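Some notes on the structure that comes next.
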Amino acid sequence: MRSILVANPKGGSGKTTLATHLAGYLASLGRQVVLADLDRQQSAAGWLERRPAQLPTIHSHHASKKSVNPDWMVIDSPAGLHGDKLTAAVKLAELVIVPVQPSAFDMLATGDFLRVLRKEKAVRKEKSQVAMVGMRVDPRTRSAAELADFLLAAEFPVLTYLRDAQLYVQCANEGFSLFDLPPGRAARDVEQWQPLLEWISAY
Ligand SMILES: Nc1ncnc2c1ncn2[C@@H]1O[C@H](COP(=O)(O)OP(=O)(O)OP(=O)(O)O)[C@@H](O)[C@H]1O
Ligand SMILES: [Mg+2]
């Protein structure tokens, strides 16, 4: 089993959106997927409960203890994750994805987090690979250029930039992902995911 942790202690950075979509994508490929939710708010677990039964199955962490032999575990983590809990979560995951929004507050908080992440043993020894994703980015804006500069300096690969789209909000409300929609329905957004999906597929 391979594991992906989605982490950024900054609240609202896009962790649950990324985690639920990655689970949706892997399930759409026919993989056995477990979605683990470390957040007490249980947003990812709630999304899974709202997921329509006819869509590709994603297992909850609790159910998976019984009968599932997963190919992938996707781990959503809470705002404020730090210390021993962060160390334990990073140790669990071969891949760590950090979403960042184009705002000064988000970049400052994320900069602090990346410094901590770089010191984690699993990251230093390259047992866990870290990559960044720009979240809710409008490329025409000055803040998008500032985010690009910030991410370039971060020394971890920048996989893609996802735009702000109401479809993500609808996905959150209704328990689906872009990858559960009919082909072409979300073509522009799905295209933005490709570099991230290729990065994951390489593992
Ligand atoms: N690309 C996007 N376009 C539009 N809305 C988005 C996008 N990404 C996230 N959102 C919305 O922004 C809000 C915060 O995103 P999300 O819940 O994924 O962040 P989070 O990091 O999990 O937050 P928390 O730290 O509270 O767990 C949600 O309402 C989500 O639907
Ligand atoms: Mg969340």
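No lab work stands behind these numbers, since they all come straight from the coordinates. Source: prediction; values computed, not measured. With ideal geometry, Cβ positions are generated from the backbone for all residues, glycine too; neighbour counts draw on all protein chains shown.
Worth a mention:
- Formal net charge of residues neighbouring VAL6 (Cβ-Cβ distance under 10 Å; K, R +1; D, E -1): 0
- Net charge of Cβ neighbours under 13 Å - reference THR20; Lys, Arg +1; Asp, Glu -1: -3
- Low-density loop positions, chymotrypsin sites (Phe, Trp or Tyr not before Pro), region 1-86 - DSSP coil, at most 12 other Cβ in 10 Å: none
- The mean sequence distance of close C-alpha pairs (under 8 Å, at least 6 residues apart), as a share of the length of the chain, puts its relative contact order at 26 percent.
- Largest-first ellipsoid semi-axes for region 2-201, taking √(5λ) over the Cα gyration tensor eigenvalues, angstrom: 25, 21, 14
- Among GLY134, TYR161, THR20 - extreme Cα towards positive end, dipole of region 2-201, charges at beta-carbon: THR20
- Label-point gap, in nm, between ARG40 and GLU191 - each point 7 angstrom along Cα→Cβ: 4.4
- Ordering of 159-170, 128-139 by burial proxy (mean other Cβ atoms within 10 Å per residue, highest first): 128-139, 159-170
- Percentage relative contact order, region 3-109, counting C-alpha pairs under 8 Å, at least six apart: 46
- Antiparallel %, DSSP beta bridges [both residues in the chain], to 5: 0
- Anisotropy class assigned to region 97-145 is prolate, per the alpha carbon gyration tensor with a/c at or over the 1.5 cut-off and a/b larger than b/c.
- Each Lys and Arg Cβ is given +1 and each Asp and Glu Cβ -1; about its Cα centre, the chain then shows a dipole of about 460 debye.
- Under 12 Å, Cβ to Cβ, from ILE75 - net charge with Lys/Arg +1 and Asp/Glu -1: 0
- Using 0.36 nm per residue and subtracting the Cα-Cα separation, the extra length available between HIS82 and ALA153 on full extension is 23.3 nm.
- Percent of alpha-carbon pairs separated by more than 21 Å within region 103-203: 45
- What the pair-distance distribution of region 6-52 shows, using all Cα-Cα distances binned every 10 Å from zero, is 26, 57, 17, 1 percent.
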